[in-house]
Amino acid sequence: MKLFFSSLLFLGLFFPSFAQDAEYNLIPFPAKFAGGEGSFTIESSTQLVYNIRDIKQKAAAVLLSDYLETAASVTLKQVPWTTTSAKGKNIVFQTHTQKKCGPEGYVLRVFPDRIMIEAESAAGYFYAVQTFLQLLPTEIFSTKEVADLKLQVPSCDILDQPRFSYRGLHLDVSRHFMPVAFIKKYLDLMALHKLNTFHWHLTDDQGWRIEIKKYPNLTKIGSKRKETLIGHYFENYPMQFDGQSHEGFYTQVEIREIVKYAQARYITIIPEIELPGHALAALAAYPHLGGEPDKKYEVGTKWGVFEDVFIPTEPTFKVLQDVLTEVMLLFPSKYIHIGGDECPKEAWKNSEYCQNLIKRLNLKDEEGLQSYFIKRIEKFVNLKGRNIIGWDEILEGGLAPKATVMSWRGIQGGIEAARQKHNVIMTPGEFMYLDHYQGDPNSEPLAIGGYLPLEKLYGYEPVPTELSADEEKYILGAQANVWTEYMSTPEKVEYMVFPRAVALADLTWTPKGPRNFEDFSYRLKSHLKRLDYLEVNYAKRLFDVTAETQFTGEDELRVRLDKMDSESKIYYTIDGSVPSTASIPYTVPITLKKTTTIKAMTTSGGTLEQRFYIHKAKGKKYTYTTLPSEGSDGNAEKLTDGIVGRTPKSRKEWVRFNNTDLDVVVDLGEVKLVTKVSTNFLKIPLEKGFPPTSVEIALSRDGKDFKEAVSQPINYDLEGAWTIIPAVAGFRIARARYVRIRAKNAGVCPSSHPNAGAKTWFALDEVVVE
Ligand code: TNX
């Protein structure tokens, strides 16, 4: 039979147009793809043809058949491969013999009269089926029968294989325990996205979640905490706790079941046992592992980094090795993650034993001791035929000989490790942390901080340009991390993970060349329907409207609205009313002449509500006498950009002064009538953010002689939730060109504060002149 695709089409000729074609909403998008004409229709007479003795083919055929049966209620006959059956109007599995697919790749060819699936491995067949399902109508993912489902598969020719061998998703079950059923759902969703490594963060300060037979207290004591911090770390002063215990762990039986479940989906589970830091739950269970056997260690009830860590004594190594032995019996993965991050050295500095050990081993310092700790654990793990992975802190004090590094504090750790010829997994916080906000913090549920919209994650390139071609090969792939301090339920995890993990799929699988966000967001829209069938509580940020202010001149502001979803239309109001399709359709940037709230909606369900301030200082230049703290207002524009900082959750708009006073002069350009000057300060006492003690606002015509000054103390309650404290000065018809604001730093934290005596900072935003 003549193929209607030439291999030339594989060279990318078809890539520019695939986005337009609603039929090929594949995620991740295949490495080589060509669309064709017509389609194959699955009918009850269609047969699944495979080599009956090939269990890899059989498993894939059964998987496909299950979906067809569930959603479409068709049962396809499974028949052995013969020259006749392979030529019929069937779905035919056969072994790929040209060695073009690699260990995870496959060939999928859809013709109007036949479908062929080829692979070299079980994983390859499995991924072929995943792609096959995405060629079918999205209803194929329904778990209930869908009436009259047309099983049409559009013609295409796919030769697919992943860009990276490591395509990871992580989940922290220590901060919040997640039930077994949810872990399985998580693995199902990973498989759908061809993600092949699940990094299971099983132990941390706030809970030990894996049963260890030899040390029952690890779960008996270590898996329970008496209560949990309410809200954000610095939200309340003093901190508030919920008074409710939180517990949970996985039995070894459950773990074996989950490992098997993952294997059936070609997912490797890498367990993480944190050491030497993030060990408080283990210390609560076995205090002799910490420096002070008599100390009453308690499982962590709040977040952050604790000074109580494992002390590298012989009994500690004994326990850790026993634990790792049981872990390695449960998890067949080549890699075992041993943590290694955020280990404060105070406990070791204060321990006579550690200080003697440093001398005895001829180590330089505590970092040398950390390196000794990791190397010793590595040796043990290597003896069992496995390798360790550690967070990039394991570079400090010298890397263990065979360790793989997870670069999380940026990309530098990854670059260094690759240069030292060590394998690397890229997981930099700025691009790969799914605990960061994915939309405007004002309208998002509480997250740890940061800002990682879908588009930013999608644009991440895991191979640093700094590396030479030779060094690049050490970058095994990328992983997104899901720390659950602020995700207490599976629903919240789903919300934070999806759809960003969908972008991760393209990022780690699809070659660099054909990836672009517009095309991705187009495919994503169909994909979200699949996620609807799978009952995933994904975030709807794809449909959001965003606003960007542009300056146009005196007393005028231009606002540009935008959306990720290229197909939808925006409508808006400026009179406070709720927008609908009967409101003003957005076509060009909106020009505002006075302070206005814009409310917008899109036809795909997105919303926006934002207030824009027009005032006499907007867009005007200002100069500081003392510069604000590094990075907070580099181009001197935040104080007059027309956007007023709205929440302590996000610090983007705020200009911060660490332990210094503020003295800033805004130049209005010409003498103007001034009746009111106002600004806002942040109050976050637990983070050492104290509003200034006093503020003085003064006016001048020439920039030298300031008068009309209004001086006021700033009064607020130290206790209570974080908030915004306004400072306002009213003037009875003054004329001025220059507005000066001075504010006095509050000094050090008061004696009642947990950081008593430590230096404080303050932050302000927008100098509003009316
Ligand atoms: C840093 S990433 C941590 C985790 C936290 C996370 C919050 C890493 C190796 N350590 O313990 O949960 O930040 O984003």
- Message: For the range 705-740, give me the residue count where each residue is assigned to a loop (DSSP other than H, G, I, E, B), of a type in the set (Val, Ile, Thr) and surrounded by fewer than 14 Cβ atoms within 10 Å (Cβ to Cβ).
- Response: 0
- Message: Condition (residue is in the same structural domain as residue 486 (by TED's automatic domain parsing), in contact (Cβ under 8 Å) with a residue 60 or more places away in the chain and within 16 Å of the ligand (Cβ to nearest atom)) applied to the range 353-370: is it met by at least one residue?
- Response: yes
- Query: Of all residues in the range 400-415, which are open to solvent by 10 Å² or more (accessible area, probe 1.4 Å), without any contact (Cβ under 8 Å) to a residue 24 or more places away in the chain, over 19 Å from residue 507 (Cβ atoms) and away from the ligand (no atom under 11 Å from the Cβ)?
  - Reply: 412
- Message: Tally up the residues in the range 676-704 that are open to solvent by 60 Å² or more (accessible area, probe 1.4 Å), over 30 Å from residue 718 (Cβ atoms) and either assigned to a strand (DSSP E or B) or acidic (Asp, Glu) (or both), please.
- Response: 1
- Task: Would you be able to say whether some residue in the range 140-160 is of a type in the set (Ser, Thr, Tyr) and touching a Gly at 6+ places or on another chain (Cβ under 6 Å)?
- Result: yes
- Message: Residues to consider are 499, 511, 445; find the one that is under 22 Å from residue 542 (Cβ atoms) and open to solvent by 10 Å² or more (accessible area, probe 1.4 Å).
- Response: 445
- Examine the range 547-557 for a residue that is closer than 30 Å to residue 185 by Cα, under 32 Å from the mean Cα position of the chain (by Cα) and not assigned by TED's automatic domain parsing to the domain that holds residue 436, and state whether such a residue exists. no
- Task: Return the only residue of 399, 476, 457 being in the same structural domain as residue 512 (by TED's automatic domain parsing) and assigned to a strand (DSSP E or B).
- Result: 476
- Message: Where the second residue is open to solvent by 10 Å² or more (accessible area, probe 1.4 Å) and of a type in the set (A, V, I, L, M, F, W, C) and the first is closer than 22 Å to residue 509 by Cβ and lies in the range 93-116, which pairs have Cβ atoms under 6 Å and are six or more apart or on separate chains?
- Response: 96/107; 104/123; 107/159; 109/116
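Conditions tested, residue by residue: (1) part of a loop (DSSP other than H, G, I, E, B); (2) surrounded by fewer than 19 Cβ atoms within 10 Å (Cβ to Cβ); (3) away from the ligand (no atom under 16 Å from the Cβ).
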| residue | (1), (2), (3) |
| --- | --- |
| 140 | no, no, yes |
| 144 | yes, yes, yes |
| 148 | yes, yes, yes |
| 154 | no, yes, yes |
| 158 | no, no, yes |
| 174 | yes, no, no |
| 183 | no, no, yes |
- Item | Residue match in the range 480-492 (condition: away from the ligand (no atom under 16 Å from the Cβ), within 25 Å of residue 205 (Cα to Cα) and either buried (at least 20 other Cβ atoms within 10 Å of the Cβ) or in contact (Cβ under 8 Å) with a residue 60 or more places away in the chain (or both)) | yes
- Query: If you go through the range 637-658 one residue at a time, do you hit one that is modelled with pLDDT under 95, among the polar types (S, T, N, Q), under 39 Å from the mean Cα position of the chain (by Cα) and over 30 Å from residue 435 (Cβ atoms)?
  - Reply: yes
- Of (1) more than 14 Å from the ligand (Cβ to nearest atom); (2) free of Cβ contacts under 8 Å to residues at least 60 places away in the same chain; (3) surrounded by fewer than 20 Cβ atoms within 10 Å (Cβ to Cβ); (4) assigned to a helix (DSSP H, G or I), residue 430 satisfies all except one. Which? (1)
- Task: Could you pull out the residue among 384, 421 that is in contact (Cβ under 8 Å) with a residue 12 or more places away in the chain, on the phi > 0 side of the Ramachandran plot, away from the ligand (no atom under 16 Å from the Cβ) and open to solvent by 40 Å² or more (accessible area, probe 1.4 Å)?
- Result: 421
- Taking the range 444-454 and the residues there that are in a loop (DSSP other than H, G, I, E, B) and out of contact with any strand residue (DSSP E or B) (no Cβ under 8 Å at 6 or more places or on another chain), the one that is nearest to the ligand (Cβ to nearest atom) would be 446
- Looking only at the range 523-554, and only at residues there that are within 13 Å of residue 142 (Cα to Cα) and not in a helix (DSSP H, G or I), the one that is most open to solvent (accessible area, probe 1.4 Å): 535
- Message: Given the options 317, 331, name the one that is among the aromatic types (Phe, Trp, Tyr), away from the ligand (no atom under 16 Å from the Cβ) and crowded, with 20+ Cβ neighbours inside 10 Å.
- Response: 331
- Could you identify the single residue in 311, 374, 336 that is within 16 Å of the ligand (Cβ to nearest atom), outside any helix (DSSP H, G or I), buried (at least 19 other Cβ atoms within 10 Å of the Cβ) and in the same structural domain as residue 214 (by TED's automatic domain parsing)? 336
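Condition check ((1) within 16 Å of the ligand (Cβ to nearest atom); (2) farther than 17 Å from residue 228 by Cβ; (3) of a type in the set (Asp, Glu); (4) surrounded by 24 or more Cβ atoms within 10 Å (Cβ to Cβ)) across all residues:
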residue	(1), (2), (3), (4)
161	no, yes, no, no
177	yes, no, no, no
199	yes, yes, no, yes
204	yes, no, yes, yes
- Only residues that are within 22 Å of residue 121 (Cα to Cα), in contact with a helix residue (DSSP H, G or I) (Cβ under 9 Å, 6 or more places away or on another chain) and in a loop (DSSP other than H, G, I, E, B): list them for the range 75-95, please. 81
- How about the range 339-367: which of its residues are open to solvent by less than 10 Å² (accessible area, probe 1.4 Å) and over 30 Å from residue 166 (Cα atoms)? 348, 354, 357
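Do we find that residue 391 is within 16 Å of the ligand (Cβ to nearest atom), of a type in the set (Phe, Trp, Tyr) and either surrounded by fewer than 20 Cβ atoms within 10 Å (Cβ to Cβ) or not assigned by TED's automatic domain parsing to the domain that holds residue 204 (or both) in this structure?
no
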- Residue identified as surrounded by fewer than 15 Cβ atoms within 10 Å (Cβ to Cβ), assigned by TED's automatic domain parsing to the domain that holds residue 192 and not in a loop (DSSP other than H, G, I, E, B) among 259, 253: 253
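The values are calculated or read from the model by the stated rules, or taken from the named source; none is laboratory data. Bear in mind the structure is a predicted one, so any value in this text is a computation, not a measurement. Every residue, glycine among them, receives a Cβ derived from its backbone with ideal geometry; neighbour counts consider all protein chains shown. What goes into the accessible areas is simple: the full protein's heavy atoms, side chains included, and nothing from ligands, DNA or RNA. Shrake-Rupley method; radii C 1.70, N 1.55, O 1.52, S 1.80 Å.
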